[in-house]
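What follows is one structure encoded as structure tokens, with my remarks underneath.
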Amino acid sequence: MTRHQRGGATPPRPAGFAIRPYGGAVDHPGMTTAITAVRRADGNLDAATVQGMDEHYIHLGDELALDCVIIERGDAIVGYARVTRDDLVDGTATISLFVVLDPSARGLGAEPAIVADRLPRAVAVVRDLAATRATRLGAICQGSHAALRSALEAVGFRVVREGAILVRADLEDIPEVPLPAGYELRPVADGDRAMARRIYDANKRAFADSWGETAPSDEEFADVFSATNFQPRHYQVAYHGDEIAGMVLAYMAEPEADGSLTGMTEGITVQAEHRRRGLARALLASAMRSVKAAGAVRAALSVDLQNPNQAAVLYQAMGFRSVGSEYEMELGRWAAGETPEVPDGTAPRGPGLAR
């Protein structure tokens, strides 16, 4: 593994760990097990599935073999690490390190070596884009993964944003919140691709002023439309005349080990001109009723704690409570044409993880 130096020593060899190139769909069962364990550690009740992993990874492009590696301990996959690229609404290209490591494998020495392995690839992508694009080099770190946060901070990453996982432990006593006057809900058929695209585009417009929002694209829409959590029958879409004013893109998560169901009340947006009228509150109450009718015994969602519209305050008032967190970290950002001052990943090889 390539060593990354920033005034520190080579990461020690973690006993029993190895890293290898991503092998395609054959790796998806192990990757699914790892990310589900990670989500559970952070209170996220939206379990991954192999089918969902298959559907998502087919859209990730030709460079996936360069971007993604598998982490093994003994003969078992315990995680993976990927360099991701997002094209934001403001034209910035965000390159991020995304590391998934089963909680049972954390804190045993693998994290510094994983960061050292993936950082040169991330830097190479940043440098390829920097001549013509504003770029940003970031990382995603689950709140429960202290060893990863330490490894990222050791090479210069700093926390710039915090999100939370919120859960409403039951769906009793859902408040009665009528839609504001002049608004109405309209159902969405599961196979209506044209309406799904209209909703996708409206969701993007509503989030356009939000931190890290990606630009709309045909590729991302295809990913959304084919995903197992694309369940329009649970969508709550409010119209003002013929205009989409707000929505909650709810869906049912995979059953828990005890068979109980969670309704994910995600994708909560209101168009700027329709805010401050109580629409989001009414849509969230309606979404909770929809998932309850489908058998959910609880509801969950994620939120940016720096959201300027104070979304977390609304969700807490509706009975949601924080159960986990996630940090967005950053190493640097550069204007188009600016030479990124970041490590180039050419330090000599050290022990690192076995390859």
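The numbers here are math on the coordinates, done by the rules we state, and not lab data. What you see is a predicted model, and the numbers here were worked out from it, not measured in a lab. Neighbour counts run over all protein chains shown; Cβ positions are idealised from the backbone, glycine included.
What is the magnitude of the charge dipole of the chain about its Cα centre, with +1 placed on the Cβ of each Lys and Arg, -1 on the Cβ of each Asp and Glu, and no other charges, expressed in debye to the nearest 20?
Dipole of the chain, to the nearest 20 debye: 760 debye.
Just to check I understand the Karplus step: with θ = phi - 60° and J = 6.51 cos²θ - 1.76 cosθ + 1.60, what whole-Hz values come out for region 333-340, glycine and proline as x?
Going residue by residue, I get 8, 9, 6, 4, x, 7, 7, x Hz, with x marking Gly and Pro.
Kindly provide log₁₀ I(q)/I(0) values, in the same order as q = 0.08, 0.11 Å⁻¹, from the Debye equation applied to equal alpha-carbon scatterers of the chain.
-0.42, -0.79
Sort all Cα-Cα distances of region 176-317 into consecutive 10 angstrom bins from zero, then give the percent of pairs in each bin up to the one containing the longest distance.
Final binned percentages: 11, 42, 38, 8, 0.
Give me the number: length gained by fully extending Ile58 to Glu219, i.e. 0.36 nm times residue separation minus the C-alpha to C-alpha distance, one decimal in nm.
Once the chain is fully extended between Ile58 and Glu219, it gains 56.9 nm.
Collect residues whose amide H, placed 1.01 Å from N in the peptide plane, falls under 5 Å from the amide H of Ala245; neighbours closer than 5 in sequence don't count.
Ala238, Tyr239, His240
What percent does the relative contact order of the chain come to when contacts are Cα pairs within less than 8 Å and at least six residues apart?
Values: 727 pairs, mean separation 99.3, N = 355.
The normalised contact order for the chain reaches 28 percent.
Got a sec to turn the phi values of region 60-72 into Karplus ³J(HN,Hα) couplings, 6.51 cos²θ - 1.76 cosθ + 1.60 with θ = phi - 60°, whole Hz, x for Gly and Pro?
Calculated HN-Hα couplings, in order: 8, x, 6, 9, 4, 4, 7, 8, 10, 10, 9, 10, 10 Hz.
Taking the Cα centroid of region 132-163 and of region 273-297, what is the distance between the two, rounded to the nearest whole Å?
Between the Cα centre of region 132-163 and that of region 273-297, the gap is 33 Å.
Using only Cα atoms, find the angle between the long axis of helix 110-130 and the longest principal axis of the chain, and express it within 0 to 90 degrees, rounded to the nearest 10.
Computed tilt is about 80 degrees.
Which Cα, out of Val297, Ile77, Val177, lies furthest along the positive dipole direction of the chain (beta carbon charges, K/R +1, D/E -1)?
The one lying farthest along the dipole's positive direction is Ile77.
Could you check the spin-label model distance between Ala76 and Leu305? Points 7 Å from the Cα along Cα→Cβ, value in nm.
Roughly 3.1 nm, to one decimal.
Report relative contact order for region 176-317 in percent, whole number only (criteria: Cα-Cα under 8 Å, sequence separation at least 6).
Answer for region 176-317 is 24 percent.
Starting from the Cα of Leu66, step 7 Å along the direction of its Cβ; do the same at Val323; then give the gap between the two resulting points in nm.
Going from the Leu66 label point to the Val323 one covers 4.0 nm.
Would you mind getting the Kirkwood hydrodynamic radius of region 154-217 from its Cα pairs, rounded to one decimal in Å?
16.6
Please give the contour-minus-distance gain from Ser226 to Ala208: 0.36 nm per residue of separation, less the Cα-Cα distance, rounded to one decimal in nm.
Full extension of this stretch gives 4.2 nm more.
Could you list Val224, Val38 so that the one with the fewest beta carbons within 10 Å of its beta carbon is first and the one with the most is last?
Least to most surrounded, the residues fall as Val224, Val38.
Sort largest first and round to whole Å: the equivalent ellipsoid semi-axes of region 87-160, each the square root of five times a Cα gyration tensor eigenvalue. Intermediate results must be reported in sequence, preceding the final value.
Working: eigenvalues 129, 32, 18 Å².
Over the Cα atoms of region 87-160, the ellipsoid semi-axes are 25, 13, 10 Å.
To one decimal place, what orientation-averaged projected area in nm² is obtained for the convex hull of the Cα set of region 15-117?
Details: hull surface 29.1 nm².
Averaging across all directions leaves 7.3 nm² for the Cα convex hull.
Order by neighbour count: Thr262, Thr339, fewest other Cβ atoms within 10 Å first, most last.
Ranked by crowding around the Cβ, least crowded first: Thr339, Thr262.
For Arg20 paired with Asp87, estimate the spin-label separation in nm (one decimal), with each label point 7 Å from Cα along the Cα-to-Cβ line.
3.5
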